[in-house]
Amino acid sequence: MVDDKMKILNMLAEGKISAQEAEKLLSAVDKAREPEGSGGTDLISSLESKFLYVQVEPKGDESSERVSVKIPFALLKAGLNIMGLIPEDVQETIQNTMNEKGMSFNLKDIKPENAQSFLTALEQLSIDVDADDSTVKVYCR
Amino acid sequence: MLPMLLRIRIRDDKTSFGLFIPLIFVYLLMLPLYLLFSLVYGVVLLCTSPKAQTRLYMGLVFKLPLLLAAARGTEINVHSDKSKVILYIK
């Protein structure tokens, strides 16, 4: 990016382009670099430093069970990537067990190329369950 | 980066134990085995043509360090009147 700007400034200094043309070229270089420079890498690094929290807190005095789970997004992403490496017969066994437990989620829908969008969507997740004896919170931070 | 500390604490009416495991020592102990295994696997690949399924399983084994690295920062706490379970990977 610095090289491109230097070339434009050199062309301006040599009189090959006018000041207005140089200004247009410089703004075009800035615009072209914006998405790849800041957006993408920042999104990935911010996702990797995030965590998924699951917290179960008791409401009254009767129950004192507390659960607190903190899982790095990186672990979820690694899990999604590794899912494709699991042999098909093992995937089928897992799928059958999930179906038996009432989870109608298809494991084959999880693909490494979808991992980033899945994690981005998960980042917005916030679940609050307010039961009689406890509260459950699932969120990302 | 691989996690460097594993903390496990389990306590209930009958058992109670806690472990602080500096994982660097585990890695140092496992490294020769891992290298040896890789070497043997390489030789097996050259000499035979293993099934696709076997190659997948081996791929999983070689991806385990990545999974371990990604697990850094995991914290699990379960507390109740009678039991307590803590697992930290740092």
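The values are calculated or read from the model by the stated rules, or taken from the named source; none is laboratory data. Model, not experiment: these values are computed from the prediction. As a convention, Cβ positions derive from the backbone with ideal geometry for all residues, glycine included, and neighbour counts pool all protein chains shown. These accessible areas exclude ligands, DNA and RNA; they are computed on the full protein's heavy atoms, side chains included. Shrake-Rupley method; radii C 1.70, N 1.55, O 1.52, S 1.80 Å.
Values as computed for the structure displayed
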quantity	calculated
Cα-Cα over 20 Å, subset of A:LYS77/B:LYS90; A:LYS101/B:LYS51; A:LYS77/B:LYS51; A:LYS111/B:LYS63; A:LYS137/B:LYS90; A:LYS137/B:LYS14	A:LYS101/B:LYS51; A:LYS77/B:LYS51; A:LYS137/B:LYS90; A:LYS137/B:LYS14
In Å², nearest 10: area of B:CYS47 left accessible to a 1.4 Å probe	100
Peptides A:97-110, B:64-77 ordered by average Cβ neighbours within 10 Å, highest first	B:64-77, A:97-110
Accessible-area composition of the stretch A:50-141, carbon plus sulfur, in percent [1.4 Å probe]	52
Calculated over the stretch A:50-141: convex hull of Cα atoms, volume per residue (Å³)	119
Chain B shape via C-alpha gyration tensor axes, a/c threshold 1.5	prolate
Label-point gap, in nm, between A:ALA13 and A:ILE86 - each point 7 angstrom along Cα→Cβ	6.0
Rule-of-thumb Rg ratio for the protein assembly as shown [Cα; 2.2 N^0.38 Å; N residues]	1.47
Summed residue charge, Cβ within 12 Å of A:ASN114's Cβ, Lys/Arg positive, Asp/Glu negative	+1
Accessible area per residue in Å² at 1.4 Å probe, computed on the protein assembly as shown	68
Reach of A:LYS16 by Cα under 26 Å, taken over lysines that are not fewer than 8 positions away in the same chain	A:LYS5, A:LYS7, A:LYS24, A:LYS31
Chain lengthening between A:THR97 and A:ARG66 when straightened (0.36 nm per residue, less Cα-Cα)	8.4 nm
10 Å Cβ neighbours from other chains, averaged over peptide B:80-89	2
Phi to ³J(HN,Hα) by Karplus 6.51 cos²θ - 1.76 cosθ + 1.60 over the stretch A:91-104, Hz, x for Gly, Pro	4, 5, 4, 5, 4, 4, 5, 4, 5, 4, 7, x, 9, 8
